[in-house]
Amino acid sequence: MNQFINDIPVSYILGLAGILFSIGVLGILIRRNIVIIFMSVELILNSVNLVFVTFSKALSHISGETIVFFVMAIAAAEAAVGLALVIAIFRHKKSTNVDELQSMRW
Amino acid sequence: MDEIIYMNIESSPSFLLFIFFGTVTVVTALSVIFQKNPVVSAVSLVFTFFSLAGIYGIMGALFIATMQVLVYAGAIMVLIVFVLMLLSQRTETLSRYRKHPIRLVLLSLFALGFFFLLYSALTTGVPHSEQKGKGYELTEYSFPIQGTGTVNTKGNVATVGASTYLDYLLPFEMISILLLVAVLGAVILAKKRLTEVEQTKDNVL
């Protein structure tokens, strides 16, 4: 296992991915706009992609990069379905604030 | 460790580029979650995606960098911006936590602790994965079914392609079916009900 990828320490890249994941989690926690929550989910998926590429390069095993391709395809599918859901909910509720989506609470 | 890092700063431009792109990534990601206007958040997210593509490029994952620009900064951001414009989010209702700074600080501390847990978990995993990488050299990709067969490839894109179509053929086909189902589901979810369309037939186009 290489500790450096092109002179970049592996732990630095992992730290960047951790920071990005935490920012995504913080965005999901503090924002109430559903589209921005979607953007935070994209941030989380990107940090996971970064970890995949890092370990793929550090272990010199190509499967990580292949799986990143699949993660991107699933993120695209998730964005399509999720934003269609956002449009349907907006048509029903006239709002994108998740605090007002309480129809499944009993 | 520190001496090695200093040597790297002096001698390697890729480390400096990593510092630059990493700073841009973190700053724009923070801007995504702290901007009031959702369109500004979307533009910040585009910058985050581009700087991540730069980091992938520095690391040598050229195919992933290209896909990052095409899929994330292109397709997904077009979807998000399109939905933002359809919903016309000018009167953004602010988060409750903006009025409660103590809650904001507590949640930020939670995220910070979460980061340290994640970082320690990731970096303790690093020394335990010491075995040498197998199945991938820079110019050839070994494919186990044909016995001793190796596929000679040149460059990152060809290697990823060989891995996709030799090792991961079934997941690749399943991804295509998943994308088809997702697009159909998105169309069904986002279209109006049939009765509504009949009622408002004069207004449609």
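Residues in region A:61-75 that are open to solvent by 50 Å² or more (accessible area, probe 1.4 Å) and at pLDDT below 90: A:His61 only. Remark: A:Glu78 falls outside the filter, which requires a residue to be open to solvent by less than 20 Å² (accessible area, probe 1.4 Å) and among the acidic types (Asp, Glu).
Note on region B:43-76: residues that are small (Gly, Ala, Ser), facing another protein chain (nearest Cβ under 7 Å), assigned to a helix (DSSP H, G or I) and buried (at least 20 other Cβ atoms within 10 Å of the Cβ) amount to 0. Just so you know, in region B:158-202 the residues that are in a loop (DSSP other than H, G, I, E, B) and surrounded by fewer than 17 Cβ atoms within 10 Å (Cβ to Cβ) include one that is modelled with the highest pLDDT, and it is B:Lys191.
The values are calculated or read from the model by the stated rules, or taken from the named source; none is laboratory data. Note that the structure is a prediction, hence the values are computed from the model and not measured. Virtual Cβ from ideal backbone geometry, glycine too; neighbours counted across all protein chains shown. Calculation scope for accessible area: heavy atoms of the full protein, side chains included, ligands and nucleic acids excluded. Shrake-Rupley method; radii C 1.70, N 1.55, O 1.52, S 1.80 Å.
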